[in-house]
Amino acid sequence: MTLQLGQTAPDFHQDSTHGPIRFHEWLGSSWGLFFSHPKNFTPVCTTELGEVARLKPAFDARGVKPIGLSVDAVDSHRAWDRDIEETQGAALNFPLIADPDRKVAELYGMIHPQADPSVTVRAVFVIDPAKKIRLILTYPPATGRNFAEILRAIDSLQLTDAEKVATPVNWTPGEAVIIAPSLSEAEARERFPQGWREQRPYLRLVDLPR
């Protein structure tokens, strides 16, 4: 199954380190960060899960619920959690889905046979409160993810949902944004009375109030 931006994230019911989870019900009205791991007791995954545990307050501040997946059983997940805490200094504080039958991995297209038919790729899905997929990232099994970039992308998604703007290259929160080309000059003046810097009629940079 190939998932695309704008599609509804598939629902599922699966066991996890936090007990049985019905995905849509668990998400509720929150944003979701759903990310997969090739298998348990792998070095890159161990560092990633520790990082997300450390970043949990940052996700909470954005109304985002992180949830991981690995194609092993819950008992194995719990044993792995002890290793994560001992090596990374942070224990799992979010659910890790057990997917030994690969039901969810197949549902989300996390098995890429041409890369490795035996494990999931490092998939990332950002899902909005309407259960729509808003961002998809796919890393090969050996390349660790950059969760600072994932947070930055979530900041952009949430800002551009709230304002008629887009975020330029390498944007970080607090920097200038681009006024949506769909806004006329009159509409832009009404929405952005602070004014903007016009590099081209289609490229208008504005500083938003903090």
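The values are calculated or read from the model by the stated rules, or taken from the named source; none is laboratory data. None of these values were measured; they are calculated from a predicted model. A quick note on method: Cβ atoms are made from the backbone with ideal geometry, for glycine too, and the neighbour counts reach across all protein chains shown.
Here's the yes/no breakdown for (1) β-branched (Val, Ile, Thr); (2) modelled with pLDDT under 95:
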residue	(1), (2)
Asp116	no, yes
Thr120	yes, yes
Ala130	no, no
Ile136	yes, no
Gly144	no, yes
Phe147	no, no
Arg152	no, no
Gln158	no, no
Val169	yes, no
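In segment 36-57, is there at least one residue being under 27 Å from Leu159 (Cβ atoms) and either outside the structural domain of Thr17 (by TED's automatic domain parsing) or polar (S, T, N, Q) (or both)? Yes - at least one qualifying residue is present in segment 36-57. So, in segment 86-106, of the ones that are touching a residue at least 24 places away in the same chain (Cβ under 8 Å) and in a helix (DSSP H, G or I), which residue ends up farthest from Thr138 (Cα to Cα)? Looking at the filtered set, the residue picked out is Thr87. A Cβ distance below 6 Å, combined with a sequence gap of six or more or placement on separate chains, defines the contacts here; from segment 195-207, residues that are exposed (fewer than 13 other Cβ atoms within 10 Å of the Cβ) reach residues that are not small (Gly, Ala, Ser) in the pairs Arg197/Leu205; Tyr202/Pro181.
Residue check: Lys65 meets all listed conditions (1) under 21 Å from Thr8 (Cα atoms); (2) without any contact (Cβ under 8 Å) to a residue 40 or more places away in the chain; (3) in the same structural domain as Cys45 (by TED's automatic domain parsing); (4) part of a helix (DSSP H, G or I) but one, namely (4).
Counting only strands (runs of 3 or more DSSP E) that sit wholly inside segment 120-208, those with at least 3 residues that are over 22 Å from the mean Cα position of the chain (by Cα) are 197-200, 203-206.
Only one entry in Gly109, Gly6 is in a loop (DSSP other than H, G, I, E, B), on the phi > 0 side of the Ramachandran plot, assigned by TED's automatic domain parsing to the domain that holds Ile133 and not hydroxyl-bearing (Ser, Thr, Tyr), namely Gly109. Exactly one residue out of Asp99, Asp83 is more than 17 Å from the chain's Cα centre (by Cα) and over 24 Å from Pro57 (Cβ atoms), and it is Asp99.
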